[in-house]
Amino acid sequence: GQQVMQIPQYQHVQEGEDFTTYCNSSTTLSNIQWYKQRPGGHPVFLIQLVKSGEVKKQKRLTFQFGEAKKNSSLHITATQTTDVGTYFCAGIQGAQKLVFGQGTRLTINP
Amino acid sequence: DVKVTQSSRYLVKRTGEKVFLECVQDMDHENMFWYRQDPGLGLRLIYFSYDVKMKEKGDIPEGYSVSREKKERFSLILESASTNQTSMYLCASSLFPGRLEKLFFGSGTQLSVL
């Protein structure tokens, strides 16, 4: 079936280091969304990318959508302890179906 | 702010029981969804609904059914609970019919089936 693969599954960094998670789809996506889930919490929407090659920034977070609209990445510069959590990508495939990646769990050593 | 409320945070049931998970949203959203979340598997879509009395199967509907009698309420039903249905269940809603915007999630129900 339709799949969205996300890597790595886990990432542990020192505070201040950068972090990147990658998302790849087996099919072309119309849009891609990113969510953050804090430990013990629920997923919260971060951003949606729509255009091929699109790059958006939110403070220290940079989101990219690939030219072929089959991959995306989230990069965090100079991580802080508040960045701890699991980051999910979710691709919209076909008619209004959101398919989530497995998530990348980020832990940070202060 | 949109509020999506799930009736229970934790639930413990026995194998074979009929289980109801309730979800209510307060922002007149058209679309509602039920996901289950398992470690290493991300969020998997069970069922969704674009309108009252309307339902569509997601990726893993087996063993589940849903009900949407009112716009604000979307219920997930486990007809005969099994141990492999132990999971975190997340309800979500979004605004526009025919177009998928960002999802607003409830706090989740951690269901344990013994």
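Data overview
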| read-out | value |
| --- | --- |
| Any hit, region B:83-102, residues being part of a loop (DSSP other than H, G, I, E, B), more than 14 Å from chain A (Cβ to nearest Cβ) and touching a residue at least 12 places away in the same chain (Cβ under 8 Å) | yes |
| Subset of region A:1-21 (residues that are within 14 Å of chain B (Cβ to nearest Cβ) and among the hydroxyl-bearing types (Ser, Thr, Tyr)) | A:TYR10, A:THR21 |
| Those residues of region B:6-49 which are in contact with a Lys or Arg (Cβ under 6 Å, 6 or more places away or on another chain) and of a type in the set (S, T, N, Q), in sequence order | B:SER49 |
| Exclusive hit being facing chain B (nearest Cβ under 9 Å), closer than 29 Å to B:SER107 by Cβ, assigned to a strand (DSSP E or B) and modelled with pLDDT under 95, set A:ILE92, A:ILE32 | A:ILE92 |
| Yes/no for B:GLU62 being among the charged types (D, E, K, R), away from chain A (no Cβ under 13 Å), under 15 Å from the mean Cα position of the chain (by Cα) and farther than 24 Å from A:ARG105 by Cβ | yes |
| Residue within region B:31-49 that is among the polar types (S, T, N, Q) and within 11 Å of chain A (Cβ to nearest Cβ) present | yes |
| A:LEU106, sole failed condition from (1) within 11 Å of chain B (Cβ to nearest Cβ); (2) in contact (Cβ under 8 Å) with a residue 60 or more places away in the chain | (1) |
| Residue pairs meeting the criteria (Cβ under 9 Å; at least 6 apart or on separate chains; first without any contact (Cβ under 8 Å) to a residue 12 or more places away in the chain and buried (at least 19 other Cβ atoms within 10 Å of the Cβ), in region A:26-50; second in a strand (DSSP E or B) and of a type in the set (Gly, Ala, Ser)) | A:HIS42/B:ALA92 |
| Test: residue in region B:46-65 that is closer than 20 Å to B:SER107 by Cβ and of a type in the set (D, E, K, R) | no |
| Residue count for region A:33-81, restricted to those that are among the polar types (S, T, N, Q) and either closer than 30 Å to B:LYS3 by Cβ or out of contact with any strand residue (DSSP E or B) (no Cβ under 8 Å at 6 or more places or on another chain) (or both) | 7 |
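Listed here are the residues, each with its yes/no results for (1) in contact with a Phe, Trp or Tyr (Cβ under 9 Å, 6 or more places away or on another chain); (2) buried (at least 20 other Cβ atoms within 10 Å of the Cβ); (3) within 12 Å of B:GLU22 (Cα to Cα).
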residue	(1), (2), (3)
B:TYR64	yes, yes, no
B:ARG73	no, no, yes
B:ILE77	yes, no, yes
B:ALA81	no, yes, no
B:THR86	no, no, no
B:LEU90	yes, yes, yes
B:SER93	yes, yes, no
B:LEU103	yes, yes, no
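The values are calculated or read from the model by the stated rules, or taken from the named source; none is laboratory data. Bear in mind that the values here come from a model prediction, so they are computed numbers and not experimental data. Note: ideal-geometry Cβ built from the backbone for every residue, glycine included; neighbour counts use all protein chains shown.
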